[in-house]
Amino acid sequence: MAREDNRGGRRERDEAPEFADRLVAINRVSKTVKGGKRFGFAALVVVGDQKGRVGFGKGKAKEVPEAIRKATEQAKRQMIRVPLREGRTLHHDVNGRHGAGKVVMRTAPQGTGIIAGGPMRAVFEMLGVQDVVAKSIGSQNPYNMIRATMDGLTKEASPRNVAQRRGKKVSDILPKEAAEA
């Protein structure tokens, strides 16, 4: 038993420097009971390696640090890999949606920076995107915005993946100007 704990502890120490995390939202919820009110906290966290992997998680607990810890663990378990062009922007424009939350994400030229609001900005920063233009339409709920953003990012495909799926070469897939540049 002690052996597993040691390995688990070591593994967590190795992962810690690899991932960056960003707290997006803390929500205080109360339950009215006979003696008064009991407070709990819900945390929303985005975790990423800033090299193309990102995940989000939510955690609930009686104390804030415990809720953040739970959310971070869940985010690390639910990470997705997103192909990036030149490691700085998206390959193509993409839309994402979750419930009433809709997001539009567009590729951008170098030097543009991250033009995105609140929770979407956190996702792009943890993903390692440097240039992107994004707009949230509809729901302003951070949970739905992040889920819509993740939905759009899962639709992202690199030319290499598309070429492999179609059984062609990458140069056949890309437009002529992009292939020459």
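The values are calculated or read from the model by the stated rules, or taken from the named source; none is laboratory data. None of the values given here were measured: they were computed from a predicted structure. Neighbour counts run over all protein chains shown; Cβ positions are idealised from the backbone, glycine included.
For the condition crowded, with 18+ Cβ neighbours inside 10 Å and part of a strand (DSSP E or B), what is the one hit in Met120, Met105? Please lay out each step first, then the result.
On the way: Met120 fails: part of a strand (DSSP E or B).
When all the criteria are applied, what remains is Met105.
Consider the range 50-72 and keep the residues that are crowded, with 17+ Cβ neighbours inside 10 Å and β-branched (Val, Ile, Thr). The one that is nearest to the chain's Cα centre (by Cα) is Val54. For Gly87, the conditions (1) within 15 Å of the chain's Cα centre (by Cα); (2) at pLDDT below 90 all hold with the exception of (1). The lone criterion from (1) in contact with a Gly (Cβ under 6 Å, 6 or more places away or on another chain); (2) among the β-branched types (Val, Ile, Thr); (3) outside the structural domain of Lys155 (by TED's automatic domain parsing) left unmet by Val94 is number (3). Can you say whether Gly99 is out of contact with any strand residue (DSSP E or B) (no Cβ under 7 Å at 6 or more places or on another chain), loosely packed, with under 14 Cβ neighbours inside 10 Å and at pLDDT 90 or above, as far as the supplied structure shows? Taking the combined requirement at face value, the residue satisfies it.
Going by the conditions given, is Ala2 among the small types (Gly, Ala, Ser), under 17 Å from Ile146 (Cβ atoms) and at pLDDT below 95? Step through it out loud before you land on a result.
On the way: among the small types (Gly, Ala, Ser): yes; under 17 Å from Ile146 (Cβ atoms): no; at pLDDT below 95: yes.
No: the conditions fail for Ala2.
Select, from Ala75, Ala25, Ala43, the only residue that is touching a Pro at 6+ places or on another chain (Cβ under 6 Å), of a type outside the set (Val, Ile, Thr), crowded, with 17+ Cβ neighbours inside 10 Å and at pLDDT 90 or above. It would help to see each step written out before you state the result.
Values: Ala75 fails: touching a Pro at 6+ places or on another chain (Cβ under 6 Å); Ala43 fails: touching a Pro at 6+ places or on another chain (Cβ under 6 Å).
Selected residue: Ala25, the only one of Ala75, Ala25, Ala43 that is touching a Pro at 6+ places or on another chain (Cβ under 6 Å), of a type outside the set (Val, Ile, Thr), crowded, with 17+ Cβ neighbours inside 10 Å and at pLDDT 90 or above.
Restricting attention to the range 66-94 and to residues that are in contact (Cβ under 8 Å) with a residue 60 or more places away in the chain and assigned to a strand (DSSP E or B), the residue that is nearest to Glu18 (Cα to Cα) turns out to be Ile80. Looking only at residues of the range 131-181 that are surrounded by 19 or more Cβ atoms within 10 Å (Cβ to Cβ) and part of a loop (DSSP other than H, G, I, E, B), we find that the one that is nearest to the chain's Cα centre (by Cα) is Glu156.
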